[in-house]
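Notes for the one structure printed next.
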Amino acid sequence: MLGAVAYAPKVVTIWEGFKAYFAERGYAFDYILYSNYETQVEAQFKGDIAFAWNSPLAWVRADRMARARGQQVRALAMRDSDIDLHSVLVVRSDSPAQNPADLSGRTIGFGAVDSPQATLIPLDHLRHQAGMVAGRDYNARRFDVLGGKHGDHIGGERDAAVALMKGDIDAAWMIAGNHRAFAHEGTLPASGTRILATTAAFDHCNMTVSPGVDAGIAQRFGDILLGMDWNDARTRPLLELEGLKSWQPGRTSGYALLERAVSEEGFYDGQGHITATDYRY
């Protein structure tokens with residue numbers, strides 16, 4: 001059984017397609033859709049699901065929960081599009097700000113409370129790279145959309161981009177790919193913004209193996225995933241829907257920034273308990 005979060009209607013199409021693809025190769029699995037990642041991660045420790053398509057934040061929680069129990073979870077695979085990403089701090093082209101320090105006392109927009117790329121990692125970047133702390137050095141305005149989805153829907157980032165162009169905020173954080181996408185779709189006008197700061201690289205989602213899953217079963221699942229071929233006309237639509245061209249072996253080295261942010265911003269404790277007091281999902 002596999003768990004995935006229903007952040008958009010296309011999720012059903014994606015996992016129905018993957019289920020059929022795996023069945024053709026002699027590997028039977030079914031899936032359960034969850035409304036939020038917190039319930040999905042908890043299901044991994046109840047034995048409800050063998051695999052979880054986890055956000056980076058969900059991975060951090062699962063790993064902490066496993067360690068606290070003397071257990072282990074494993075990042076089995078990830079998309080090529082999950083590796084070495086960056087978030088950017090964007091201002092309007094006519095902004096006088098030339099670096100983050102120039103935003104002292106100003107209002108900076110963030111995504112949802114649980115967005116790794118538009119809230120947690122950006123908060124960490126400002127704290128460690130610019131010495132700026134929300135509420136002390138600048139005003140943080142969150143654009144909370146669909147709590148529990150860990151920013152998958154990008155709605156908060158888009159709302160922040162709209163607010164930036166309206167002049168409601170002085171800067172906005174978003175993942176670099178969305179900065180480009182918002183310009184392409186017209187949410188951000190051509191040449192209407194510029195990037196003031198860029199985070200270090202980080203990784204995004206991974207296919208997480210739950211504690212106690214037989215190693216051979218997990219390996220076979222991973223082998224089939226990694227064998228999906230972009231050049232196969234039947235397979236490509238599934239990969240396109242899931243936003244990748246190839247699956248890559250899972251790694252955990254790209255979660256260091258998020259690990260630090262989760263602890264310092266008080267989102268989870270060391271055992272994976274939710275400590276963010278204003279988090280609703």
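Quick check of the Kirkwood formula: for region 87-198, what is the inverse mean of 1/r over all pairs of different Cα atoms, in Å?
Averaging 1/r across every pair of different Cα atoms and inverting gives 13.5 Å.
Volume per residue, Å³, of the convex hull around the alpha-carbon atoms of region 62-130?
It comes to 140 Å³ per residue, whole-number rounded.
Report the dimensions of the chain along its three principal axes from the alpha-carbon atoms, largest first, rounded to Å.
60, 44, 28
Quick one: Debye curve from the C-alpha atoms of region 1-98, no solvent, what's log10 I(q)/I(0) at q = 0.13, 0.16, 0.20 Å⁻¹?
The Debye formula, applied to the Cα set alone, gives -0.58, -0.78, -1.08.
List the trypsin sites (Lys or Arg not before Pro) within region 1-84 that fall in a DSSP loop (any state other than H, G, I, E or B) and whose Cβ has at most 14 other Cβ atoms within 10 Å.
Those that pass, being in a loop and sparsely packed, are R25, K46, R69.
Mind checking the angle between helix 56-68 and the chain's longest principal axis? C-alpha axes, 0 to 90 degrees, to the nearest 10.
60
Can you tell me the accessible area per residue over the chain, all protein chains present, probe 1.4 angstrom, in square angstrom?
That works out to 42 Å² for each residue.
Please report the relative contact order for region 87-198, taking Cα pairs under 8 Å with a sequence separation of at least 6, and give it as a percent rounded to a whole number.
44
Can you check what the Kirkwood hydrodynamic radius comes to for region 138-281, Cα pairs only, in Å to one decimal?
Averaging 1/r across every pair of different Cα atoms and inverting gives 18.5 Å.
Could you give the distance between the Cα centres of region 1-45 and region 164-231, to the whole Å?
Measuring centre to centre over Cα atoms gives 19 Å.
Tell me, what % of the accessible area of the chain is carbon and sulfur with a 1.4 angstrom probe?
48
Restricting to lysines 8 or more places apart or on different chains, can you count the pairs in the chain with Cα atoms under 30 Å from each other?
Counting lysine pairs in the chain gives 10.
Just to be sure I understand: with springs between alpha-carbon atoms less than 10 Å apart, which residue in A77, A200, A58 has the highest mean-square fluctuation in the Gaussian network model of the chain?
The residue that fluctuates most here is A200.
The values are calculated or read from the model by the stated rules, or taken from the named source; none is laboratory data. Everything numeric in this text was worked out from a predicted model, so none of it was measured. Counting neighbours? That spans all protein chains shown, and the Cβs are built from the backbone with ideal geometry, glycine included. Please note that ligands, DNA and RNA were not included when accessible areas were found on the heavy atoms of the full protein model with its side chains. Shrake-Rupley method; radii C 1.70, N 1.55, O 1.52, S 1.80 Å.
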